[in-house]
Amino acid sequence: MLLQELLVRLAICTVVVSSLTDRSPHATAVHLPPSSDANALLGFKSKADLRNHLGFSQNGSSHFCEWEGVTCYEKKVVRLILEDLDLGGVFVADTLNRLDELRVLSLQNNSLTGSIPDLSGLLNLKTLFLDHNYFTGSFPPSILSLHRLRTLDLSHNNLTGPLPNSLKSLDRLYYLRLDSNWFNGTVPPLNQSSLKTFNVSSNNLTGAIPVTATLLRFGFALFSLNPGLCGEIIHKECHPRPHFFVPTAAVEPPSPTEALGQSEEVHGVELDQSTPKQHKRTAVIIGFSTGVFFLIGSLLCFVVAVRKKRNDKEQTTIPIIEREAAATAEAAAAIQMEQENELEEKVKRVQGMQVAKSGNLTFCAGEAQLYTLDQLMRASAELLGRGTMGTTYKAVLDNRLVVTVKRLDAGKLAGSTKEMFEQHMESVGGLRHPNLVPLRAYFQAQDERLLIYDYEPNGSLFSLIHGSKSTRAKPLHWTSCLKIAEDVAQGLAYIHQAWRLVHGNLKSSNVLIGPDFEACIADYCLTALTSFPHEDDTTAAAYKAPETRISNGQATSKGDVYAFGILLLELLTGRPPSQHPFSAPEEAVNLVKSSRENEGWEREGEGGRLEMLVELAIACSLNSAEQRPTMWQVLKMLQEIKGAELTQNGELDPQPGMS
């Protein structure tokens, strides 16, 4: 079935369900009860949208699930994204708090004022962005009851008061930004192992920063501009001892350069090798050499005086004194030469280190500087695999942090200048989505280019589908396939729509399994730095859309859709792409049937949902790029299929690989 037929089929299903609902004797009550999601949205608009920038209207012909920024599932709002709309009112209570199925709420970059209302009704909320507004009042205590929360951003507001210690109870917290407010009191003793992004800078926090395994991972800059903070983490004594023999007024504060150097030494930025300690050693060497010359001069003066006063004894005494003076001078010269050689060797070593480290390890915006280039180079490395763009390693640093390092093939990026690489990595480093493996830092020096990502210990989707060399995995349950496909589609749609970028190299080995068994896309947006290379491996080449297989064919968003279709067939059949060629849709359906004959096609495909997945895979992998859907359309269709399954069998959320 072609894409147009699939869309028609889904539209008919939606119309039928809607018409059945409208014909019910309780149709009006079901469609818009007093506490409905629609009324919650309208209540929010009435006080927050004073400039009438939102198109929410009860009188319009559109369903509230079609309103701007609203994403629904089973006619319940699950995502509300209202960003950069210049909303200039207040966020009143008892409005959005009634969206009990809401997963994502973002009101960032508006002009909302007043306090943040009670949000305790949002029990399913996972992501909350309220940053870059004008909210006042204290930290909202209702947030502490949202135990599914993973992302919280209240930065760039006018919030005051202390930060609650019970923030540590949000044990799933992955991203926490509270910077650029007026918070006071102490830093909470956060110790969630899941916390990867953190910032409390530019507040009025005071006291010692708690020394926890989590907070130790974050650098000086993320605590900066809090004059009252102290402790081991920022290398500042809380009760400094007085300097002996130095008047208090004479003690000058360190210069900005010295202060930066101090924080860099502790928190992971490479230091200039010419340190104050080395300057001190150089001064000692020079002082010692001057003393030796002074001693030689004194001895020579002594010889001259003896010559004048003792004529007769001069013939026997002077040779002895001269020999002693010569010996002393020779020893002094030898010492001086030794010291100069040692100093020269040190200078050479320093210069050599500076040459070796001429590249820069650059952390992406907002990232904590958890390690230095030295630590990264000293890390023990384990080869994970070789791919189209380079070689990937697992690196264990001396602070026990484990990261993934991708060493890019210099030949593939030969046409990319240093400036092009840096500019592109800044864009890629800004991508943050639950279904993307985040890029944390990058490095380049001459022909060496490294990318540093989070390490995902659960392996790749390729291993999950195909098993190890010694074992043969059976096809995943189709509901697991649906969940993985939706995760991948979420990540790709974010790349395409939010950033206007493309992946360019999607395949099962570039999809990793996260800590919550979510599918996370890796190695994204790298092919923009070069013409897409010719792929010799037949399995990898099978993911390439026909239009990108030609010489110098550039990666496109529709090429990503093609690769997604091939990946979906790989999920459903359990076979590598090179083993499932087809020339007609019926062949693909038969291929999936034969792969799942032991499980029963009718049992799995009850209601045609598995068949709809196959048809979606076929629509994505059409030879004509114009006929393929966009990733946003693909995501919507997957959510329709998931909704049908939920209606039939209840909750759908199995872990990958689980039947």
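The values are calculated or read from the model by the stated rules, or taken from the named source; none is laboratory data. Keep in mind it's a predicted model, so treat the numbers as computed, not measured. Cβ: placed from backbone, ideal geometry, glycine included. Neighbour counts: every protein chain shown.
For this structure, a couple of remarks:
This table checks each residue for (1) under 19 Å from Leu461 (Cα atoms); (2) within 21 Å of the chain's Cα centre (by Cα); (3) of a type in the set (Val, Ile, Thr); (4) not assigned by TED's automatic domain parsing to the domain that holds Phe129.
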{"site": "Ala395", "(1), (2), (3), (4)": "no, yes, no, yes"}
{"site": "Asn399", "(1), (2), (3), (4)": "no, yes, no, yes"}
{"site": "Ala410", "(1), (2), (3), (4)": "no, no, no, yes"}
{"site": "Leu413", "(1), (2), (3), (4)": "no, no, no, yes"}
{"site": "Lys418", "(1), (2), (3), (4)": "no, no, no, yes"}
{"site": "Gln423", "(1), (2), (3), (4)": "no, yes, no, yes"}
{"site": "Gly429", "(1), (2), (3), (4)": "no, yes, no, yes"}
{"site": "Pro434", "(1), (2), (3), (4)": "yes, yes, no, yes"}
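- Hey, Thr206 surrounded by fewer than 18 Cβ atoms within 10 Å (Cβ to Cβ), in the same structural domain as Leu144 (by TED's automatic domain parsing), closer than 20 Å to Ser138 by Cα and out of contact with any Lys or Arg (no Cβ under 8 Å at 6 or more places or on another chain) or not: yes
- Some residue of the range 484-500 being surrounded by fewer than 20 Cβ atoms within 10 Å (Cβ to Cβ), assigned by TED's automatic domain parsing to the domain that holds Glu640, aliphatic (A, V, I, L, M) and modelled with pLDDT under 90: yes
- Residue in the range 51-59 that is touching a strand residue (DSSP E or B) at 6+ places or on another chain (Cβ under 7 Å) and either at pLDDT 90 or above or in a loop (DSSP other than H, G, I, E, B) (or both) present: no
- Filter pass, Leu567 being outside any helix (DSSP H, G or I) and modelled with pLDDT of 85 or more: no
- Thr95 being at pLDDT 90 or above, over 29 Å from the mean Cα position of the chain (by Cα), within 24 Å of Tyr73 (Cβ to Cβ) and not aromatic (Phe, Trp, Tyr): yes
- Here Leu123 does not qualify as within 16 Å of Arg172 (Cβ to Cβ), at pLDDT 90 or above, touching a helix residue (DSSP H, G or I) at 6+ places or on another chain (Cβ under 6 Å) and surrounded by fewer than 19 Cβ atoms within 10 Å (Cβ to Cβ).
- Set Thr404, Thr388: member being of a type in the set (S, T, N, Q), surrounded by 14 or more Cβ atoms within 10 Å (Cβ to Cβ) and modelled with pLDDT of 90 or more: Thr404
- Set side by side, the residues Thr186, Thr151 differ, and just one is hydroxyl-bearing (Ser, Thr, Tyr), buried (at least 19 other Cβ atoms within 10 Å of the Cβ) and either in the same structural domain as Ile209 (by TED's automatic domain parsing) or in contact with a helix residue (DSSP H, G or I) (Cβ under 8 Å, 6 or more places away or on another chain) (or both), which is Thr151.
- Restricting attention to the range 373-390, the residues that are out of contact with any Leu (no Cβ under 7 Å at 6 or more places or on another chain) and not charged (D, E, K, R) total 8.
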